[in-house]
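These notes are about the structure you will find just below.
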Amino acid sequence: MRKKIVAGNWKLNNTMDEGLKLASEIANMMNDEVKDGVSVVLGTPFIHLNAVSNLTKTNKNLNVAAQDCSTHESGAYTGDISVAMIKSTGASHVIIGHSERREYHNETNTELATKVDLALKEGLTPIFCCGESLDIRESGNHEAFVSQQLTESLFHLSEEQMSKVVIAYEPIWAIGTGVTASSAQAQEMHKALRAHLATKFGDSLAENTSILYGGSCKPGNAKELFGQADIDGGLIGGASLKSRDFVDIANSF
Ligand code: PEP
């Protein structure tokens, strides 16, 4: 059975103190409220990874993710953070290929394939992001475009490796815009992506892959989105910065 996952992406937000306050609030609420069987992930800036990992390590359903990793393992790459460094903080996940990194840092599907390989080699769970722009959606090519992102970044993996990857479908036109994909639009894409995974890795692996939805997911729409057959949770941006909203979303299954 695939895992239910709600992952927050703090992006470029929160000083050290602010981040620790937010993480403590979420950890405290989770102890009382979030159902067992829902895995919650906090995607923090690099500076928070170690402190937040220490703070959350007693809660087995609460995990920590970096928002990116280097394509290199070590060496003269000023400013980069390697998968081994991330692992050493206590974090267990890494978000790879978020649309903001694809857009502002020109990350390509080929580079993302390398990041996925390195994360898996280090024992980190990649949360691999994919999604189409509004232009592509309006041209009707969204399914082919997103399938191609999976093909180019994930289809070189073995079945065993792929079984450790989480996918986040995030239509770019819905990220941070307040415009959410309708549950029918999201379900249609999740189903198509699962079918695409099955062509390479087989039905059983596709059935067991968690595919998260991202794009203006909030307490008010999470239940309907998470109620769709192929939506296994969410990658949450803005609403992950408010503990109450984030925990309410985690409680929306
Ligand atoms: C995101 O950045 O991954 C995201 C889904 O953002 P938001 O929830 O703010 O749309």
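The values are calculated or read from the model by the stated rules, or taken from the named source; none is laboratory data. Predicted, not measured: the structure shown is a model, and the values here were computed from it. Every residue, glycine as well, gets a Cβ built from its backbone with ideal geometry; the counts of neighbours run over all protein chains shown.
Any idea how many residues of region 154-193 are in contact (Cβ under 8 Å) with a residue 24 or more places away in the chain, assigned to a helix (DSSP H, G or I) and among the polar types (S, T, N, Q)?
Summing the residues that are in contact (Cβ under 8 Å) with a residue 24 or more places away in the chain, assigned to a helix (DSSP H, G or I) and among the polar types (S, T, N, Q) in region 154-193 gives 3.
From the residues in region 234-244 that are within 10 Å of the ligand (Cβ to nearest atom) and in contact with a helix residue (DSSP H, G or I) (Cβ under 9 Å, 6 or more places away or on another chain), which one is nearest to Gly37 (Cα to Cα)?
Per the stated criteria, the residue is Gly234.
From Glu122, Glu100, grab the single residue that is modelled with pLDDT of 95 or more, within 15 Å of the ligand (Cβ to nearest atom), surrounded by 17 or more Cβ atoms within 10 Å (Cβ to Cβ) and of a type in the set (D, E, K, R).
Glu100
Can you name the residue in region 46-67 that is touching a strand residue (DSSP E or B) at 6+ places or on another chain (Cβ under 7 Å) and in a loop (DSSP other than H, G, I, E, B) and, of all such residues, is surrounded by the fewest Cβ atoms within 10 Å (Cβ to Cβ)?
Asn61
Among the residues that make up region 13-35, is at least one of them modelled with pLDDT of 95 or more, surrounded by 21 or more Cβ atoms within 10 Å (Cβ to Cβ), of a type in the set (Gly, Ala, Ser) and under 20 Å from Glu107 (Cα atoms)?
For region 13-35, residues modelled with pLDDT of 95 or more, surrounded by 21 or more Cβ atoms within 10 Å (Cβ to Cβ), of a type in the set (Gly, Ala, Ser) and under 20 Å from Glu107 (Cα atoms): absent.
Quick one: which residue in Asp135, Asp203 is surrounded by fewer than 16 Cβ atoms within 10 Å (Cβ to Cβ), within 21 Å of Arg101 (Cα to Cα), more than 15 Å from the ligand (Cβ to nearest atom) and not hydroxyl-bearing (Ser, Thr, Tyr)?
Just a single option satisfies the conditions, and that option is Asp135.
Identify, from the list Ser210, Ser252, the residue that is more than 10 Å from the ligand (Cβ to nearest atom), at pLDDT 95 or above, within 14 Å of the chain's Cα centre (by Cα) and surrounded by fewer than 24 Cβ atoms within 10 Å (Cβ to Cβ).
Ser210
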